[in-house]
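Working notes for the structure below.
The values are calculated or read from the model by the stated rules, or taken from the named source; none is laboratory data. It should be emphasised that the depicted structure is a prediction, and the values quoted were computed from it without experimental measurement. Using ideal geometry, Cβ is built from the backbone for each residue, glycine included, and neighbour counts are taken over all protein chains shown. Areas reflect the complete protein model, heavy atoms only, side chains present, ligands, DNA and RNA absent. Shrake-Rupley method; radii C 1.70, N 1.55, O 1.52, S 1.80 Å.
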Amino acid sequence: MKSQLLDGKNLAARLRQKMKEQVGKMQPKPGLGVVLVGDNPASKVYVEGKIRACEDVGIVSKKILLGKDASESEVIAAVEEMNQDKQVHGFIVQLPLPEQIDEHLIIDSILSFKDADGFSAVNVGNMFMGRGVLLPATPKGIIRLLLDAQIPLKGKRAVVLGRSNIVGKPISFLLQQQDCTVTMCHSKTENLKNITKEADILVVAIGKPRFVTKDMVKKGAVVVDVGMHRLEDGTLCGDVDFEKVKKKCSWITPVPGGVGPMTIAMLLENSIECFYLQNR
Ligand code: GUN
């Protein structure tokens with residue numbers, strides 16, 4: 001079976017072009033803030049990508065960088081600065097944070113209408129009640145990618161591998177909203193292969209390089225890979241053994257060029273949404 005690529009890079013470029021035209025007509029321009037704490041190499045790359053994407057579509061960006069030894073009160077002060085800044089309509093605090101910082105405390109101090117990541121309790125609660133405001137970027141991007149490819153979701157069996165607040169939990173819920181029957185699995189799930197083999201849609205966000213092998217996937221399944229790992233030889237790979245699995249499934253996201261660019265496009269979309277929440 002030859003699979004088709006779920007091309008996030010292409011869809012993200014189309015969405016960015018539309019946003020560029022939209023932002024071109026907006027005055028003042030929407031602004032996105034990013035708080036980065038510490039020197040996690042992956043986070044630095046992600047943040048640079050987000051800032052570059054803002055520049056591309058004409059969204060004003062503001063960055064606050066703090067060292068890896070920053071205190072909780074310094075991070076809260078950065079969040080407060082973003083909360084108060086009239087040019088910043090939405091902002092994010094890049095995760096993970098250094099271990100001395102309580103992530104919940106930081107997220108709780110972000111104003112919910114400026115929460116471009118949709119991570120605050122208010123926005124998570126709204127999502128669970130089916131209100132589509134400020135949805136988290138990665139799961140929102142995955143749904144958009146599936147809908148754009150016109151992949152049937154209604155009544156299908158979806159299996160989500162991973163239960164993080166950023167991806168696993170929200171994508172499970174959003175797939176259920178699309179009328180999928182969803183099973184959530186994680187690192188402690190017993191007989192994992194028996195469950196993943198039943199998936200029509202398999203979303204993998206387990207954080208382990210090439211964890212999902214061909215024998216775990218049903219023939220003709222749709223496979224979405226949220227992982228991103230740099231191997232010792234410098235190459236990038238996801239949580240799925242792409243080369244082998246692609247021969248068995250109907251659709252698959254590449255890494256890179258699948259979910260990653262969609263996350264960034266949805267973050268830009270959320271920044272514009274934050275702008276309108278404050279300028280109605
Ligand atoms: N770390 C990994 N993904 C994300 C994301 O979508 N938002 C933030 N803030 N941090 C992340």
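With helices as the sole contributors, the chain gives -12000 deg cm²/dmol at 222 nm; each DSSP H run of n ≥ 4 counts as -39500 (n - 2.57), and the sum is divided by every residue.
V45 contributes an accessible area of around 100 Å² to the protein surface, as traced by a 1.4 Å probe with all chains present.
Just the number, please: carbon plus sulfur as a percent of the accessible area of the chain, 1.4 Å probe, no ligands or DNA/RNA counted. Let's see the in-between values first.
On the way: 7050 of 13510 Å².
Whole-percent figure for carbon plus sulfur exposure: 52.
Can you give the Kirkwood hydrodynamic radius for segment 185-261, in Å, rounded to one decimal and based on Cα pairs? Numbers along the way, then the final one.
Working: mean 1/r = 0.0806 Å⁻¹.
This gives a value of 12.4 Å.
Here segment 170-266 is treated with +1 on each Lys and Arg Cβ and -1 on each Asp and Glu Cβ, and its dipole about the Cα centre works out to around 260 debye. For segment 115-134, the residues whose amide N sits under 14 Å from a probe point set 7 Å from the Cα of Q278 along the beta carbon direction are 115-117.
Relative to the present Cα-Cα distance, how much length would full extension add between D85 and T235 at 0.36 nm per residue of separation? Present the calculation step by step, with values, prior to reporting the outcome.
Values: separation 150, 0.36 × 150 = 54.00 nm, distance 3.97 nm.
Gain on extension, D85 to T235, equals 50.0 nm.
Work out the FRET efficiency for Q17 and A149 from their Cβ-Cβ distance, taking R0 = 22 Å, and round it to the nearest 0.05. The calculated FRET efficiency here is 0.75.
Quick one: which of K140/K244; K9/K246; K63/K86; K156/K214; K9/K188 span more than 23 angstrom between C-alpha atoms?
Numbers: K140/K244 27 Å; K9/K246 18 Å; K63/K86 15 Å; K156/K214 20 Å; K9/K188 33 Å.
Table pairs above 23 Å Cα-Cα are K140/K244; K9/K188.
Here the dipole of the chain is about 1420 debye; that uses its Cα centre as origin and unit charges on the Cβ of Lys and Arg (positive) and Asp and Glu (negative). Taken per residue, the accessible surface of segment 77-218 reaches 47 Å², heavy atoms only and a 1.4 Å probe. When nucleic acids and ligands are ignored and a 1.4 Å probe is applied, F91 ends up with an accessible area of around 0 Å².
The residue among A149, S73, I195 whose Cα reaches farthest toward the positive pole of the charge dipole of the chain, with charges on the beta-carbon of Lys, Arg, Asp and Glu, is A149. Does segment 137-267 come out rounded, prolate or oblate by the C-alpha gyration tensor, with a ≥ b ≥ c the root eigenvalues, rounded set by a/c under 1.5 and, if not, prolate when a/b is larger than b/c and oblate if not? It comes out rounded by the Cα gyration axes. The gain in end-to-end length when the E99 to E74 segment is fully stretched comes to 7.6 nm, 0.36 nm per residue minus the alpha carbon separation.
Could you put M266, M1 in order of accessible surface area, largest first, with the 1.4 Å probe and the full protein assembly present? List each step's numbers first, then the result.
On the way: M266 0, M1 120 Å².
Heavy-atom accessible area, descending, gives M1, M266.
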